[in-house]
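Step one of this worksheet: look at the structure below.
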Number of protein chains: 2
Amino acid sequence: MAKLRVEGFTISLDGFGAGPDQDINNPLGVGGTSLHGWAMPTRTFQKYLFGNDGGEVGIDEDFAARGFRNVGAWILGRNMFGPVRGPWPDESWRGWWGDNPVYHVPVFVLTHHARAPLVMEGGTTFHFVTQGIAAALAQAREAAQGKDVRVGGGVNVIQQYLRQRLIDEMHIAIAPVLLGAGERLFEGINLPALGYACTRRESSPLATHVLLTRQ
Amino acid sequence: MAKLRVEGFTISLDGFGAGPDQDINNPLGVGGTSLHGWAMPTRTFQKYLFGNDGGEVGIDEDFAARGFRNVGAWILGRNMFGPVRGPWPDESWRGWWGDNPVYHVPVFVLTHHARAPLVMEGGTTFHFVTQGIAAALAQAREAAQGKDVRVGGGVNVIQQYLRQRLIDEMHIAIAPVLLGAGERLFEGINLPALGYACTRRESSPLATHVLLTRQ
């Protein structure tokens, strides 16, 4: 059966998945971009984010690449889609990723504020879901047409799906940085009690990669 | 100048330095011993804990060995010394480590309940300090005679010294296990704000080792 997956979600040594004070200049919160030192040089990120050929191969690339394999739809929290809070003032915010976003499949954005679907170049359409995580998952599964659904984040959205035991597997990267404040991925989450275990671990010079699997 | 160091303190992927429900059968809390899969096979731990010759060498051993180098005294929280809570009912509890403990230097145990010093075989004397962390550190520095002082833990004691910026460097190992509950080492601690940064990172098949240094 198709899976619900978290991929390439990076936390700091002190457990934070994003820094504090997210705004338009700090999409991952203050200091948050330092989390992705392992990902940015990879062939996958160079291609998806910048359209470059080349980039690093190896353990980091292996994990980056698996994150995009067999993904038929994404689910994002509203704060991952952008810095706008509260009701949409207009339709001008179209995501962080330009006219041709990295997704190339339907993306379901969890929000409390309805908005018409936003069709982008390259196969990405942003759908705005106001009925909660179960509705978003049902719509994403249908849109994925048998492929997996990837939960992009942020921390709050991953936690909501984890607490319902809906996530099948999570690839988490641990970066050698300290953030000090922000959102802790596993705050208030008892992973063994929810049935998760660490089933794989590999380390590159830039990050420790672990796979957490629901048993 | 002599340093105040944390060495070989292991946390789980979800950030816990000990499991829940410590008692005489679970000195590190339930599941806590799984943290030390990297340390137990090392030559240093085999020698110090079991008196064995042999044991593994490599990255894990390098970090285990550095933890005992140039250490002239230790500081422990009372719960690391044993499972007894409240006033000492008698003098019968003499630590987890038998007649000849692993320390071989003076050990200062933080407690609210006075007790006479306890002289063990092999150079270890447990001194019980009721005047708080600053007094324990002053006594440990004097006893160390110019060598470093090692804070053994637990989480609460390390946090108290961190909040006062008294720790010079910390070697933390991250083990590929999930504990789900217990004491989180970095709960409520903003390491960058306290002046700490990750200055070294090495990974073995069993753990990720990082050095956090006060700048």
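Look at A:VAL102 and say whether it is open to solvent by 10 Å² or more (accessible area, probe 1.4 Å) and either over 23 Å from B:LEU185 (Cβ atoms) or in a strand (DSSP E or B) (or both). Steps first, answer last, please.
On the way: open to solvent by 10 Å² or more (accessible area, probe 1.4 Å): yes; either over 23 Å from B:LEU185 (Cβ atoms) or in a strand (DSSP E or B) (or both): yes.
Judged against the criteria, A:VAL102 is a match.
This table checks each residue for (1) out of contact with any Gly (no Cβ under 6 Å at 6 or more places or on another chain); (2) closer than 27 Å to B:ALA134 by Cβ.
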site: B:GLU7; (1), (2): no, yes
site: B:PRO20; (1), (2): no, no
site: B:TRP38; (1), (2): yes, no
site: B:GLN46; (1), (2): no, no
site: B:GLU56; (1), (2): yes, no
site: B:GLY67; (1), (2): no, yes
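Looking across the range A:179-212, the residues that are at negative phi, more than 7 Å from chain B (Cβ to nearest Cβ) and of a type in the set (Gly, Ala, Ser) come down to A:SER204, A:ALA207. Open to solvent by 30 Å² or more (accessible area, probe 1.4 Å), modelled with pLDDT under 95 and not assigned by TED's automatic domain parsing to the domain that holds A:PRO106: is that true of A:ASN26 in this structure? When the stated conditions are applied, A:ASN26 passes them.
Out of B:TRP74, B:TRP88, B:TRP96, I need the residue that is surrounded by fewer than 19 Cβ atoms within 10 Å (Cβ to Cβ), under 16 Å from the mean Cα position of the chain (by Cα) and at negative phi. Which one? Quick ask: steps written out before the conclusion?
Numbers: B:TRP74 fails: surrounded by fewer than 19 Cβ atoms within 10 Å (Cβ to Cβ); B:TRP88 fails: under 16 Å from the mean Cα position of the chain (by Cα).
Result: B:TRP96 is the single residue among B:TRP74, B:TRP88, B:TRP96 that is surrounded by fewer than 19 Cβ atoms within 10 Å (Cβ to Cβ), under 16 Å from the mean Cα position of the chain (by Cα) and at negative phi.
Taken together, A:ASN100, A:ASN52 contain a single residue that is touching a helix residue (DSSP H, G or I) at 6+ places or on another chain (Cβ under 7 Å) and farther than 20 Å from A:ILE24 by Cα, which is A:ASN52. Of the residues that sit in the range A:131-178 and are open to solvent by 20 Å² or more (accessible area, probe 1.4 Å) and among the hydrophobic types (A, V, I, L, M, F, W, C), which one is nearest to the other protein chains (Cβ to nearest Cβ)? Here the answer is A:LEU178.
State yes or no: is A:ALA134 in the same structural domain as A:GLN160 (by TED's automatic domain parsing), part of a helix (DSSP H, G or I) and at pLDDT 95 or above? Judged against the criteria, A:ALA134 is a match.
For the range A:166-176, indicate whether the set of residues that are within 27 Å of A:GLY19 (Cβ to Cβ), in contact (Cβ under 8 Å) with a residue 24 or more places away in the chain and over 17 Å from the mean Cα position of the chain (by Cα) is non-empty. There is at least one residue in the range A:166-176 that is within 27 Å of A:GLY19 (Cβ to Cβ), in contact (Cβ under 8 Å) with a residue 24 or more places away in the chain and over 17 Å from the mean Cα position of the chain (by Cα).
The values are calculated or read from the model by the stated rules, or taken from the named source; none is laboratory data. This structure is a prediction, so every number in the text was calculated from the model and none was measured. Here the Cβ is made from the backbone with ideal geometry for all residues, glycine too, and neighbour counts use every protein chain on show. All accessible areas refer to the heavy atoms of the entire protein, side chains included, with ligands and DNA or RNA removed. Shrake-Rupley method; radii C 1.70, N 1.55, O 1.52, S 1.80 Å.
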